[in-house]
Amino acid sequence: MQRTHHDLTASQPAQAALPLGRGLLFVVVSAVAWGTAGAAAALLFDGSGLGPVALTFWRTAGGFVLLAAVRGLWRRQAPVRTTGRRRPLLPLLVTGFGLTVFQTAYFAAVEATGLAVGTVVTLGAGPVLVALGGRVLMGERLGRSGALAVSGALAGLCVLVLGGADGSGTVVPLGVGYALLSALGYSAMTLYTRGRGRDGGAGDPLGTTLWAFAVGAALLLPFAAAEGLWPQGGDVARSLWLMAYVAAVPTALAYALYFAGLAVVRAATASVIALIEPVAATAIAVTLLGERLTAATVTGTAILLAGVTALVLAEARSASGPARGREVVRGGDGRVQPLGGHRLTVDDTDGQEAAPVRE
């Protein structure tokens, strides 16, 4: 059944119109904040005794608590229109599992191969796997420009990995493997969300993200307890501050600002803005963490990000065609699959969902 604009927004709080400039600022701040999550993780891994699983648990658990508070505040500030339907359990479990793999493997990649390489490989491989998965599993056409963009991104990934694995320690194969696993978790979650949208599954994207965090925290708790839930040694106060930062800024604040910004910013525009995230992470890695990048690593990173940018723009052009380009949310531009688990996915005849996540 085709959904109306009212149906698509019925599960979200009615909010006053946000100025476009402020919406763009919200999306930019979100991308920069996501780029700092890996940096905080790198600092925690250096001396706190926390591992990737425990850190992801605290991020998902803390993010759930803080996002629930944000959502509750929004509900108090504005009336909420609901459809009266219960939220399906299976999508939350699948999304929560994908989120768990995505974020845990990303932090493992940062620990193994560094912030810059771990972030670039994860964010670069994610949209490529989504594009290829959409072609193989869902029959979506890449088109000539999309195929060239995917080829370019894959070439950049090869240059980055092979050129950096020269014994200098810039690229660690195990860390690249974790990054690819992270990208696989994101792409599986995204493709599942896209398939649900085509079948008429709709929902509140912030609510989906919120409950995916809850599922992720529940899944991670026993493994995090086995790894060690509490910081050991070093400056415990500093570790607790960094843990609180990861839960508050690149999680609760970033997601809240991102979804608020998407009310007025086109999804294609938000996808391109999201490329700030790997750039910010790389800049932090080099300037603040002292990571050294070889010429091959820099070249591969540039080619990879250029390919991803071209892929986003190619899909934006495709989504603006007559068969897809129906505005749904104010400022929306049809079904555009962006970079990372936190982006909005809207089909021309279906509801909206968000693949939760990003770093």
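Observations on the model:
- Members of the range 271-280 that are under 14 Å from Val308 (Cβ atoms) and either in contact with an Asp or Glu (Cβ under 6 Å, 6 or more places away or on another chain) or in a helix (DSSP H, G or I) (or both): Ser271, Val272, Ile273, Ile276, Glu277, Pro278, Val279
- Test set (1) closer than 21 Å to Ala302 by Cβ; (2) at pLDDT 85 or above; (3) among the charged types (D, E, K, R) - Asp166 fails condition number: (2)
- Qualifying position, being under 17 Å from the mean Cα position of the chain (by Cα) and in a helix (DSSP H, G or I), among Leu253, Leu242: Leu253
- Any pair with Cβ under 7 angstrom, 6 or more apart, that starts in the range 64-92 at a residue that is of a type in the set (Phe, Trp, Tyr) and ends at one that is at pLDDT 80 or above and surrounded by 11 or more Cβ atoms within 10 Å (Cβ to Cβ): Phe64/Leu210; Phe64/Phe213; Phe64/Ala214; Phe64/Ala217
- From the list Ala248, Ala237, Ala310, the lone residue that is without any contact (Cβ under 8 Å) to a residue 24 or more places away in the chain and either surrounded by fewer than 21 Cβ atoms within 10 Å (Cβ to Cβ) or assigned to a helix (DSSP H, G or I) (or both) is Ala237.
Let's see how each residue does on (1) surrounded by 17 or more Cβ atoms within 10 Å (Cβ to Cβ); (2) within 19 Å of Leu240 (Cα to Cα); (3) modelled with pLDDT of 95 or more:
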position: Ala31; (1), (2), (3): yes, no, no
position: Ala41; (1), (2), (3): yes, yes, yes
position: Asp46; (1), (2), (3): no, yes, no
position: Ala69; (1), (2), (3): no, no, no
position: Ala78; (1), (2), (3): no, no, no
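- For Gly21: the one exception among (1) at pLDDT 90 or above; (2) closer than 30 Å to Ala283 by Cα; (3) in a helix (DSSP H, G or I): (1)
- Hits in the range 93-126 (condition: within 23 Å of Thr209 (Cα to Cα), open to solvent by 20 Å² or more (accessible area, probe 1.4 Å) and not hydroxyl-bearing (Ser, Thr, Tyr)): Leu93, Val94, Phe97, Val101
- Selection status of Leu129, modelled with pLDDT of 85 or more and buried (at least 21 other Cβ atoms within 10 Å of the Cβ): no
- Filtering the range 48-61 to residues that are modelled with pLDDT of 90 or more and not basic (Lys, Arg) leaves Leu50, Gly51, Pro52, Val53, Ala54, Leu55, Thr56, Phe57, Trp58, Thr60, Ala61.
The values are calculated or read from the model by the stated rules, or taken from the named source; none is laboratory data. Every value quoted in this text rests on a predicted model; they were computed, and no experiment measured them. A quick note on method: Cβ atoms are made from the backbone with ideal geometry, for glycine too, and the neighbour counts reach across all protein chains shown. Side chains included, ligands, DNA and RNA excluded: accessible areas come from the protein's heavy atoms. Shrake-Rupley method; radii C 1.70, N 1.55, O 1.52, S 1.80 Å.
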